[in-house]
Amino acid sequence: MWQQFSDYVTAKREAKKDRLRRKNAALRAQGKEPLKGWGKMVDSGFGGLNKNDTVNSAQLDNMGFRKHQAEEIGKENNRTNQ
């Protein structure tokens, strides 16, 4: 019985790998790179904010700057993806 289960799981894994390979091949045929990723991320400086009881007011003062920085990186990523 254990061997049947093991064979079943192995077959499911192989089927999933095959589906992913076919999907990636279709994306590459469209000229897209499926393993490219999302692009650059913005370091907001707010790491662990939800776990901290106190908020540093100096960080909140920079929120507008960080928002602008994120928008610029988004525009840059959109230009490179076109």
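The values are calculated or read from the model by the stated rules, or taken from the named source; none is laboratory data. Quick caveat: nothing in here was measured; it's all calculated off a predicted structure. Positions of Cβ are generated from backbone atoms using ideal geometry, with glycine treated the same way; all protein chains shown enter the neighbour counts. Only protein heavy atoms, including side chains, enter the accessible area calculation; ligands, DNA and RNA are left aside. Shrake-Rupley method; radii C 1.70, N 1.55, O 1.52, S 1.80 Å.
Scanning the stretch 18-41 for residues that are over 30 Å from GLU71 (Cβ atoms) and open to solvent by 100 Å² or more (accessible area, probe 1.4 Å) returns ARG19, ARG21, ARG22, LYS23, ARG28. Of the helices (runs of 4 or more DSSP H) lying entirely inside the chain, those carrying at least 3 residues that are of a type outside the set (D, E, K, R), modelled with pLDDT under 90 and under 19 Å from the mean Cα position of the chain (by Cα) are 63-81.
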